[in-house]
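The values are calculated or read from the model by the stated rules, or taken from the named source; none is laboratory data. As the structure is a computational prediction, the values presented were derived from the model and not from experiment. We place every Cβ from the backbone using ideal geometry, glycine too, and count neighbours over all the protein chains shown. Accessible surface areas use protein heavy atoms only, side chains included; no ligands, DNA or RNA. Shrake-Rupley method; radii C 1.70, N 1.55, O 1.52, S 1.80 Å.
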Amino acid sequence: MTTSTRGAAKTPAVLVLEDGRTFRGRAYGAVGETFGEAVFSTGMTGYQETLTDPSYDRQIVVATAPQIGNTGWNDEDDESARIWVSGYVVRDPARVPSNWRAKRSLDDELVAQGVVGISGIDTRALTRHLRERGSMRAGIFSGEAIAPESELLARVQAQPHMKGASLYEEVATKEAYVVPAVGEKRFTVAAVDLGIKGMTPHRMAERGIEVHVLPATATADEIYAVEPDGVFFSNGPGDPATADGPVALMSAVLERKTPLFGICFGNQILGRALGFGTYKLKYGHRGINQPVQDRTTGKVEVTAHNHGFAVDAPLDKVSDTEFGRAEVSHVCLNDNVVEGLQLLDQPAFSVQYHPEAAAGPHDAAYLFDRFVSLMEGQRA
């Protein structure tokens with residue numbers, strides 16, 4: 001990525017998709033060029049949490065909400081230490097942010113972090129195109145980076161695909177750290193960081209859990225050195241088919257029958273550890289309005305998602321695995337994609353979405369309580 005920031009608001013920009021479709025607009029954020037997988041997010045709010053979600057590493061995010069930036073940028077809502085999206089696409093950027101918590105504009109923050117974006121394009125047409133053709137490689141070019149379209153297209157098509165990409169180690173912490181329990185400490189959890197969002201250990205801390213966040217390269221010995229009551233595997237970017245290390249680590253946890261909870265990438269890792277395959281979705285689920293049914297209770301939840309891959313597990317039967325019987329516990333009501341797994345013979349479960357709800361609805365907050373219940377049961 002090359003960037004500059006001078007005169008961005010009036011600088012022409014172009015978005016080029018790998019199938020040759022182009023959209024022309026104005027630079028938003030930094031000026032220069034960037035590449036990534038073009039995906040769309042349907043969230044009406046929460047752009048700050050979206051941009052700082054490590055699961056969006058190497059992705060150019062298209063906001064389907066027509067106006068972005070109204071509430072500016074604050075110093076409290078980041079889900080990690082930086083913006084992870086490789087590019088940002090909006091239709092109508094707010095001219096003036098207005099919120100009592102705002103410290104600066106979204107445009108200013110994109111410039112400060114060198115994130116190249118584009119505004120003033122028909123994001124509805126772009127989203128329809130991605131739904132019909134599928135998520136694909138793309139590039140945003142502005143200012144001096146603009147060249148003949150044939151040249152830009154060739155540069156986009158030279159970029160790596162998301163399928164087969166191993167990214168979780170890029171975004172994970174390199175050093176272990178501890179998030180202390182809020183109030184009385186009840187449990188200790190070892191959380192394997194595959195791209196964890198900041199709100200996730202906070203939700204556990206609210207329930208009296210001391211969370212030891214460990215690097216993606218952690219070993220079983222390092223997990224059990226903290227004497228955990230439970231083990232958590234986080235969300236993260238990339239193709240789960242490349243994550244042999246985390247799969248082996250989760251298998252070691254399952255062998256010891258320690259209470260286990262995984263979300264998003266962690267759900268895919270559990271799927272692989274149980275012997276199921278994974279596959280790339282046509283355009284994925286991203287946003288904070290995805291309907292999911294908890295098949296164990298029949299309840300329908302509105303949930304927050306960010307995933308382009310899914311677990312290939314049977315919806316209509318209980319499966320026998322190396323670690324006992326397993327079943328699909330949650331399913332997306334839009335397309336029947338597997339949204340959760342649970343073991344029936346030991347305390348382990350996972351979901352494909354984000355129960356920490358940052359941003360998003362709080363329908364799925366009970367899943368942290370379900371994890372607490374597993375640890376209480378194991379202790380008893």
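Taking 20 °C and 1.002 mPa s as conditions, the chain diffuses translationally at an estimated 102 µm²/s according to Stokes-Einstein applied to its Kirkwood radius (Cα pairs). Taken along the Cα-to-beta-carbon direction at a fixed 7 Å, the label points for Gln67 and Asp122 span 2.2 nm. For the set Trp73, Trp84, solvent exposure ranked by accessible area (probe 1.4 Å, protein chains only) runs largest to smallest as Trp84, Trp73. Straight-distance candidates among the lysines for linking to Lys174, with alpha-carbon spacing under 18 Å and chain neighbours fewer than 8 residues away dropped: Lys197.
For the range 36-95, what relative contact order do you get, as a whole percent, if you take Cα pairs closer than 8 Å and at least 6 residues apart?
That works out to 43 percent.
Shape of the range 63-178 from its Cα gyration tensor (a ≥ b ≥ c, root eigenvalues): rounded if a/c is under 1.5, otherwise prolate when a/b > b/c, or oblate? Note, shape of the range 63-178 comes out oblate.
Centre-to-centre separation between the Cα atoms of the range 325-380 and those of the range 252-320: 8 Å.
Here each label is just a point 7 Å from Cα along the line to Cβ, and for Ala112 and Tyr279 those points are 4.4 nm apart.
For Arg186 and Glu76, FRET efficiency with R0 = 25 Å and r from the beta-carbon atoms, rounded to 0.05? Once rounded, the FRET efficiency stands at 0.45.
In plain terms, the chain from Gln378 to Thr296 could stretch by 27.5 nm, reckoned as 0.36 nm per residue minus the Cα-Cα distance. For the range 178-289, relative contact order (Cα pairs under 8 Å, six or more residues apart, normalised by length) works out to 25 percent.
Mean residue ellipticity at 222 nm from the helices of the chain, using -39,500 (n - 2.57) per DSSP H segment of n ≥ 4 over the full residue count, to the nearest 500 deg cm²/dmol? Value at 222 nm, helices only: -6000 deg cm²/dmol. Once a ≥ b ≥ c are taken as the square roots of the eigenvalues of the Cα gyration tensor of the range 115-170, is the result rounded (a/c under 1.5), prolate (a/b larger than b/c) or oblate (a/b not larger than b/c)? Cα axes put the range 115-170 in the oblate bin.
Stretched out straight at 0.36 nm per residue, the stretch from Thr217 to Thr242 would grow longer than its current Cα-Cα span by 7.6 nm.
If R0 equals 25 Å, the separation of the Cβ atoms of Lys174 and His202 corresponds to a calculated FRET efficiency of about 0.75.
Projected label points at Arg133 and Gln157, each 7 Å from Cα along the beta carbon direction, are separated by 1.2 nanometres. Counting only protein chain heavy atoms and rolling a 1.4 Å probe, the accessible areas of Lys10, Lys103 rank, largest first, as Lys10, Lys103. Residue by residue, the range 298-304 carries 3J(HN,Hα) couplings of x, 6, 9, 10, 9, 10, 9 Hz when phi is fed to the Karplus relation 6.51 cos²θ - 1.76 cosθ + 1.60 (θ = phi - 60°); x denotes Gly or Pro. Dipole magnitude for the range 229-380: about 100 debye, using +1 per Lys or Arg Cβ and -1 per Asp or Glu Cβ, origin at the Cα centre. Potential lengthening of the chain between Asp92 and Ala147 amounts to 17.3 nm, from the contour at 0.36 nm per residue minus the alpha-carbon distance.
Based on the alpha-carbon gyration tensor of the range 200-300 and its eigenvalue square roots a ≥ b ≥ c, which shape applies: rounded if a/c is under 1.5, prolate if not and a/b is larger than b/c, or oblate? It comes out oblate by the Cα gyration axes. DSSP finds beta bridges in the chain, and of those with both partners inside it, around 65 percent are antiparallel.
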